Amino acid sequence: MYVVFCKITSMKYYKGVTPFDKPSRGGSYVDINGTGGEVWNFYPTRNSSGEEFCFGFVEPKHNKGVSNSIHVENITGNSRDKYADSIDDVLVIWCATLDTHKQAVVGWYNHATFFRYIQETNIDDDYYGYNVLAHADDCVLLPRNERDKGIWSAPVSKPDGYGFGQSMLYYPLHDFDKRKVKTIINSIEAYTGLNWLRVFNKEQEPKPEKKYFWQN
């Protein structure tokens, strides 16, 4: 399986912009328009056969205002894939800047397909672009409070010596990077906690378990 980290705007649920879930810290486009391509990244959508998929989006680099394609060959590290339209079996790790201004993992797609060019799908009678596709059963959105834990800290090149730079994508291809991100991958593989993929608003959030303290 290939691995790629993608940086997106910060939201609770990623199921469209709503009064209780607005994107933030996602760059100038999100600040100006109040939305972005990634606001539907964890919205399970059924196709005509009844299968559920998630349609993910990460912003490609821009050149003079025009979106470039994603260099999927950077995901595999194989120059022969520069002619491929897509790459299969990718672990896509979605990251965002939290309220604490710390970058952290917010969720992931397992066994995803990553496309070179932006595709188009219809969500709630509107068309949206996507460049990542995965079965909903292979997608996990971490609960908001879970993302604050240190095990989900996203690597950033300047302080960490590896990780995100100016691009919205980080490819851990070299042996040094692979060793460094192994802790995050292990946490993903071991995760058995709550999945907010089907949590749409605050009323659906699981209530914290009550704790009682008894005095002797």
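Readers should treat all values here as calculations from the given coordinates under stated rules, not as data from a laboratory. Quick caveat, the model's predicted, so the values are computed rather than measured. No Cβ is skipped: glycine too gets one built from the backbone with ideal geometry, and neighbour counts run over all protein chains shown.
What to note about this one:
- Rounded to the nearest 500, the helix-only mean residue ellipticity at 222 nm of the chain stands at -3500 deg cm²/dmol, with each DSSP H run of n ≥ 4 adding -39,500 (n - 2.57).
- As a rough footprinting exposure proxy, the listed residues Tyr191, Tyr83, Tyr109, Tyr13 were ranked by other beta carbons within 10 Å of their own, and the order from fewest upward is Tyr83, Tyr191, Tyr13, Tyr109.
- Selection of trypsin sites (Lys or Arg not before Pro), region 117-194, meeting DSSP coil and at most 15 other Cβ within 10 Å: Lys149
- Length-normalised contact order for the chain - Cα pairs under 8 Å, 6+ apart - percent: 22 percent
- Computed from the Cβ-Cβ distance with R0 of 41 Å, the FRET efficiency linking Met1 to Lys202 stands at 0.75.
- Centre separation in Å (Cα based) which lies between region 127-148 and region 53-120: 12 Å
- As a proxy for reagent exposure, Val39, Val156 were ordered by neighbouring Cβ count within 10 angstrom, fewest first; the result is Val156, Val39.
- Think of the chain as having a plus end and a minus end, set by charges on the Cβ of Lys, Arg, Asp and Glu; of Met11, Leu133, Gly161, Gly161 sits farthest toward the positive end of this dipole.
- Length released on extending from Tyr127 to Glu51, taking residue separation times 0.36 nm less the Cα-Cα span: 25.4 nm
- Which of His135, His174, His101 has the fewest Cβ neighbours within 10 Å, and the rest in rising order: His101, His174, His135
- Taking GluC sites (Glu not before Pro) in DSSP loop conformation with at most 16 other Cβ atoms inside 10 Å as exposed sites, the chain has its longest uninterrupted site-free stretch at 52-208.
- In the chain, the longest principal axis of the Cα atoms and the axis of helix 175-190 are about 40 degrees apart.
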